[in-house]
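Report on the following structure.
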Amino acid sequence: MEMSAVLYQELNFVCINPRQQQGPGQMQALVLGFQPSRVLNLKAMHDTNVSAVISESSKQRVPHVLSVAGSDSGAGAGIQADLKTCAARGVYCSTVVTAVTAQNTVGVQGVNIVPERFVSEQLKSVLSDMHVTVVKTGMLPTVGIVEVLYDSLKQFPVQALVVDPVMVSTSGDVLAGPSILDIFREQLLPMADIVTPNLKEASALLGGIKLQTVSDMRSAAKSIHEMGPRNVLVKGGDLPAASDAVDIFFDGLEFFELRSLRIQTQNSHGTGCTLASCIAAELAKGSQMLPAVRAAKHYVETALDYSKDIHIGNGLQGPFDHLCKLKTNVQNSSRLQRFDPDDLLLYAVTDSKMNSKWGRSITDAVKAAIEGGATIVQLREKDTETSNFLEEARKCLEVCRSHGVPMLINDRVDIALACDADGVHVGQSDMPAHVARSLLGPKKIIGVSCKTREHAHQAWVDGADYIGSGGVYSTNTKANNSTIGLDGLKTVCLASKLPVVAIGGIGLSNAGSVAEIGLENLKGVAVVSALFDRECIRSEARKLHTLVSQTMKTSAVTC
Ligand SMILES: Cc1ncc(COP(=O)(O)OP(=O)(O)O)c(N)n1
Ligand SMILES: Cc1nc(C(=O)O)sc1CCOP(=O)(O)O
Ligand SMILES: [Mg+2]
């Protein structure tokens, strides 16, 4: 007892794990904090009566993904891809190896399946001891392995399960045969929070039906959802070549077409594993499902683009550089996607006064909004000094980029240029949109505030990408703002082909009425106080996102 007391004093963060005493005289001490490599094994200690001495306040839960997958000796996919992805996303990753493959850029030369009982032993070791937040599965080569995983998850529940139903490698080699399909459908999918099949895997899960169009992908997502997973992402990377890669996300209520640029590269081995483990990592950090999927798509796209010319191996299936995000030149690189009007769905506009009132930084506020589902962000910092504004804008941009969410600057074209933001929002008394366009170039997003049909017409002529129209309701956030009501909003929508986002006094109580107007180019709502003047930005964003997307969907069908 005395010996342990000395040790505890020396090691501030030591705790004894009470769940896994390994036998008399043996115990594990685990150094908490984000330094999982510093695990001490205090075998020499003989006092088995020592109980945990750590106070709750000094415990720091680390976001933790457990990858249950096969090893890829070439390290482009499988366990190795999952480890690198989680490292790049700042999340701890433990591993349970289900198979060892001899693999390179040419193909799979051999597979050695780990016996079920040893998969089970690995699962027990990790799940009984470490606080796993999310389990992500990859190659599950036998029915027995799926069974032991199912049993382990029943015994040690985790916050989320991400299932990448790996069946065939990029090179076309079979990694799990058709015998696995029944148990996937019956046991694993009903437990999953998301399943991420590519076209071949979706087809296999559905008994071999052909999937050739985006419409087929929607039907497939719906049918797979009926098997029990909370969310489905059908990846359309194998659809006949088009300029965009389209994935279909279905949460049981609505479909989202998630588009990204198709990167021309042979270095795409491991993209499926990487996407799924990045979703798991984002969920482990507290993200909602759709923002996690968007962030993961953006991460994969950035890594593929960064690695498109690297050369590793002589085969056709090259790996890519998962850690590219940690290299400073990529950290601040431009957004790859073009402006997507659907990004206007939940537009979060910041307010410095509200952030000071609640004692949070702009970056923390923006991060919470995105994690709750905000699809575009505008920094509207009327009272922040220029140097601070620029510094904060750079930090926020990093957060937005890592989630694939566009970030615009209100009024200040100079700040937008200096931090390489994705665009600006200007009003009728700000810099004219056509001047902003000539300064920012064709690739940046420009939004213009419009209250009348004349404003709307001019915005189009000036080369704006979208219109912000309001105040739909009266607001305390912007002084002396005139209210145009729902009728004024309709007039602006009908006067333009540009996508429109409604603004002004919008919150949970009335966002539904706005979304209900059902005009095709009304794409979403922009909110300030309904997010940033609230205690929990993340949960308000989540509620607003659900409300607006569901109402828009219903209204679009009726109109
Ligand atoms: C999306 C969106 N719409 C409208 C506005 C208002 O812009 P503006 O009229 O320039 O007023 P300020 O925001 O600068 O006070 C906006 N910011 N965002
Ligand atoms: C920034 C802004 N522009 C408006 C316009 O009518 O163009 S209303 C507005 C403030 C919106 O804040 P809240 O969501 O807290 O009402
Ligand atoms: Mg302005």
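The values are calculated or read from the model by the stated rules, or taken from the named source; none is laboratory data. If you're wondering where the values come from, they're calculated on a predicted model, not measured in any experiment. Methodologically, a virtual Cβ is constructed for each residue, glycine included, from the backbone with ideal geometry; neighbour enumeration extends over all protein chains shown. Just so you know, the surface numbers come from the protein's heavy atoms only, side chains and all, with ligands and any DNA or RNA stripped out. Shrake-Rupley method; radii C 1.70, N 1.55, O 1.52, S 1.80 Å.
Residues in region 382-416 that are closer than 21 Å to residue 437 by Cα, part of a loop (DSSP other than H, G, I, E, B) and within 14 Å of ligand 3 (Cβ to nearest atom): 411, 412. How many residues does region 423-447 contain that are farther than 19 Å from residue 400 by Cβ, more than 8 Å from ligand 1 (Cβ to nearest atom) and either in contact (Cβ under 8 Å) with a residue 60 or more places away in the chain or touching a helix residue (DSSP H, G or I) at 6+ places or on another chain (Cβ under 9 Å) (or both)? The total comes to 7.
Inside region 501-518, can you point out the residues that are among the aliphatic types (A, V, I, L, M), without any contact (Cβ under 8 Å) to a residue 60 or more places away in the chain and either touching a His at 6+ places or on another chain (Cβ under 7 Å) or open to solvent by less than 40 Å² (accessible area, probe 1.4 Å) (or both)? Break it down into steps so the answer makes sense when it comes.
We begin by selecting, within region 501-518, every residue among the aliphatic types (A, V, I, L, M); these are 501-503, 506, 508, 511, 514-515, 517.
Remaining after also requiring without any contact (Cβ under 8 Å) to a residue 60 or more places away in the chain: 502, 506, 508, 511, 514-515, 517.
If the condition is that a residue be among the aliphatic types (A, V, I, L, M), without any contact (Cβ under 8 Å) to a residue 60 or more places away in the chain and either touching a His at 6+ places or on another chain (Cβ under 7 Å) or open to solvent by less than 40 Å² (accessible area, probe 1.4 Å) (or both), then 502, 506, 511, 514, 515, 517 are the ones that fit.
Can you name the residue in region 512-534 that is more than 14 Å from ligand 1 (Cβ to nearest atom) and part of a helix (DSSP H, G or I) and, of all such residues, is nearest to residue 459 (Cα to Cα)?
It comes out as 515.
Taken over region 417-436, the criterion of being more than 16 Å from ligand 3 (Cβ to nearest atom) and open to solvent by less than 60 Å² (accessible area, probe 1.4 Å) is satisfied by 418, 419, 420, 422.
Condition check ((1) modelled with pLDDT under 95; (2) more than 10 Å from ligand 2 (Cβ to nearest atom); (3) under 14 Å from residue 526 (Cβ atoms)) across all residues:
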position	(1), (2), (3)
408	no, yes, yes
417	no, yes, no
424	no, yes, no
428	no, no, no
443	yes, yes, no
462	yes, yes, no
477	no, no, yes
485	no, yes, no
488	no, no, no
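Just one of the numbered conditions (1) of a type outside the set (Phe, Trp, Tyr); (2) within 12 Å of ligand 2 (Cβ to nearest atom); (3) open to solvent by 60 Å² or more (accessible area, probe 1.4 Å); (4) farther than 21 Å from residue 381 by Cβ is not true of residue 453: (2). Count of region 478-508 residues, restricted to those that are within 16 Å of ligand 3 (Cβ to nearest atom) and in contact with a Gly (Cβ under 8 Å, 6 or more places away or on another chain), is 6. For region 451-472, a residue qualifies if it is of a type outside the set (Asp, Glu) and under 32 Å from the mean Cα position of the chain (by Cα), and the qualifying residues are 463, 464, 466, 467, 468, 469, 470, 471, 472. Among the residues of this structure, residue 216 does not count as one that is open to solvent by 10 Å² or more (accessible area, probe 1.4 Å), in a strand (DSSP E or B) and at negative phi. Among the residues of region 331-345, are any at pLDDT 85 or above, under 25 Å from residue 408 (Cα atoms), surrounded by fewer than 17 Cβ atoms within 10 Å (Cβ to Cβ) and hydroxyl-bearing (Ser, Thr, Tyr)? No, region 331-345 contains no residue that is at pLDDT 85 or above, under 25 Å from residue 408 (Cα atoms), surrounded by fewer than 17 Cβ atoms within 10 Å (Cβ to Cβ) and hydroxyl-bearing (Ser, Thr, Tyr).
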